[in-house]
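The values are calculated or read from the model by the stated rules, or taken from the named source; none is laboratory data. Model, not experiment: these values are computed from the prediction. Here the Cβ positions follow ideal geometry from the backbone for every residue, glycine too, while neighbour counts run over all protein chains shown.
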Ligand SMILES: [Zn+2]
């Protein structure tokens, strides 16, 4: 800023908040630099063929304004084979359905035995159930990407590579030189510590910052406005309002302005297709835009870390702390929380049913969908499991599951809590817990403290190995064995 003109106005330093006009997009798509993120290329494997071709046509339409950071190519090649293993989760879905068939049959069979249904009738109904699942599983299997495994081992047969090769000829950056690269790694670490965008969401993985550093340099070299295209919804890139991506984070726009003297814009791939269709007059089918939208939404089951955080805060705010804790603990334990833990969390009496436990969760999810915080297709956060445990009557809840795709999002929030010191136990609360646990005959004191694999403190009985940890609001302690007395306590 010039010293004799220190006054500034509404948008100075706040450019990123200004709504992007059609004229801006026209300028950008005809004379800016278009910079796709890794997921734009990886998702090509998840689209159908015609969508893929439409996106190729758009990328081709940009000509030499298309520019790809070297780091994006590094990540593309590194992750390509993983995506190819099961690009549309077909195998995974079929396997899950097969699991549900087993559950359904076992639930039905134990009920049938309890009421003494005649054997012939049991077999009859079981066959119907089994058949229905088989038809659906076969239907899912028909969509299997049988070609995909071939592409992985033979790049010559891969239609994505065949389409990309001519488009990317001469469009990939040289990458940072050795010194700049070292500096960038240092800077990435600093930003992760200070929570400065981009890249602080992937602590220990400097990829996002490397992409950013390369893009800044290229923008300065060519003096061009930059449009970053990414299907990623991470909050360290986007300015999010009510779960919607409005544009780049103001810090990033400001850094682009001060480093390169140019402007920064961001778009999701489906929006890029819409704008390109209007401005470049490239043929793009509506179905392609929808296909891309579907794939974007399906990522993380429709949830972002921010939306999950908002969701958990809402549960706490409404007083559903047992539900909030159950979700967190399930995620930290790899996705499942046992019924015993849920009883401890809620302080429920033994004869209480867990039916209705997920009711507030489902209600808030419906609201989030209606308000557009998550898409209509967003999956449920906590799913009731009906057990086949030997000591549990069929049809009873054995526990609750957080879907696989949501586990890393919740763990990410957990890391935040940990760095903010929220997980260090309150000494008074710990003293009460230790006393109660000892009251059950367990041999435990403060020094029996351990750290579980997620860095959470727990205390373990030296005799029987039962452990407890502190959770929930109030003075609650939680043990996977419930409030069971020590199995190895000496009779006194
Ligand atoms: Zn014990």
Next item on the list: Go through region 97-202 and tell me which helices (runs of 4 or more DSSP H), entirely inside it, have 1 or more residues that are in the same structural domain as residue 34 (by TED's automatic domain parsing) and modelled with pLDDT of 90 or more.
Entry: 159-168, 178-194
Check: Which condition number does residue 293 fail, the rest of (1) in contact with a helix residue (DSSP H, G or I) (Cβ under 8 Å, 6 or more places away or on another chain); (2) surrounded by fewer than 22 Cβ atoms within 10 Å (Cβ to Cβ); (3) farther than 30 Å from residue 225 by Cβ being met?
Finding: (3)
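Residue by residue, here is whether (1) touching a helix residue (DSSP H, G or I) at 6+ places or on another chain (Cβ under 7 Å); (2) surrounded by fewer than 18 Cβ atoms within 10 Å (Cβ to Cβ); (3) within 15 Å of residue 269 (Cβ to Cβ) holds:
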| site | (1), (2), (3) |
| --- | --- |
| 43 | yes, no, yes |
| 63 | no, yes, no |
| 79 | yes, yes, no |
| 84 | yes, no, no |
| 91 | no, yes, no |
Check: Taking region 434-448 as the search range and keeping residues that are over 14 Å from residue 486 (Cα atoms) and away from the ligand (no atom under 13 Å from the Cβ), which one is surrounded by the most Cβ atoms within 10 Å (Cβ to Cβ)?
Finding: 446
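Might you check whether a residue that is buried (at least 18 other Cβ atoms within 10 Å of the Cβ), assigned by TED's automatic domain parsing to the domain that holds residue 413 and within 13 Å of residue 413 (Cα to Cα) occurs anywhere in region 355-362? Reasoning before the result, please.
Our first condition is that a residue be buried (at least 18 other Cβ atoms within 10 Å of the Cβ); within region 355-362, this holds for 357-358, 361.
Checking which are assigned by TED's automatic domain parsing to the domain that holds residue 413 leaves us with 357-358, 361.
Next cut, within 13 Å of residue 413 (Cα to Cα) only: none.
Looking for residues that are buried (at least 18 other Cβ atoms within 10 Å of the Cβ), assigned by TED's automatic domain parsing to the domain that holds residue 413 and within 13 Å of residue 413 (Cα to Cα), one finds none in region 355-362, hence no.
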Check: Looking at residue 491, is it modelled with pLDDT under 80, surrounded by fewer than 18 Cβ atoms within 10 Å (Cβ to Cβ) and within 14 Å of the ligand (Cβ to nearest atom)?
Finding: yes
Notebook entry, point to check: Just a yes or no: is a residue in region 417-432 out of contact with any helix residue (DSSP H, G or I) (no Cβ under 6 Å at 6 or more places or on another chain), within 16 Å of the ligand (Cβ to nearest atom) and modelled with pLDDT of 70 or more?
Noted result: no
Notebook entry, point to check: Looking at region 63-96, which of its residues are over 23 Å from the mean Cα position of the chain (by Cα), part of a loop (DSSP other than H, G, I, E, B) and free of Cβ contacts under 8 Å to residues at least 60 places away in the same chain?
Noted result: none
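What helices (runs of 4 or more DSSP H), lying completely within region 245-346, carry at least 2 residues that are in contact with a strand residue (DSSP E or B) (Cβ under 8 Å, 6 or more places away or on another chain) and closer than 21 Å to residue 26 by Cβ? I'd like the intermediate steps shown before the answer.
On the way: elements: 250-260, 269-280, 286-298, 305-318, 321-332, 339-346.
Fully inside region 245-346 and qualifying: 250-260, 269-280.
Could you tell me whether residue 402 is at pLDDT 90 or above, away from the ligand (no atom under 13 Å from the Cβ) and in contact with a helix residue (DSSP H, G or I) (Cβ under 9 Å, 6 or more places away or on another chain)? Reasoning before the result, please.
Details: at pLDDT 90 or above: yes; away from the ligand (no atom under 13 Å from the Cβ): yes; in contact with a helix residue (DSSP H, G or I) (Cβ under 9 Å, 6 or more places away or on another chain): yes.
Spelling it out, residue 402 is indeed at pLDDT 90 or above, away from the ligand (no atom under 13 Å from the Cβ) and in contact with a helix residue (DSSP H, G or I) (Cβ under 9 Å, 6 or more places away or on another chain).
Criterion first (away from the ligand (no atom under 16 Å from the Cβ), surrounded by 17 or more Cβ atoms within 10 Å (Cβ to Cβ), part of a loop (DSSP other than H, G, I, E, B) and modelled with pLDDT under 80) does residue 394 satisfy it?
Values: away from the ligand (no atom under 16 Å from the Cβ): yes; surrounded by 17 or more Cβ atoms within 10 Å (Cβ to Cβ): yes; part of a loop (DSSP other than H, G, I, E, B): yes; modelled with pLDDT under 80: yes.
So residue 394 fits the description; yes.
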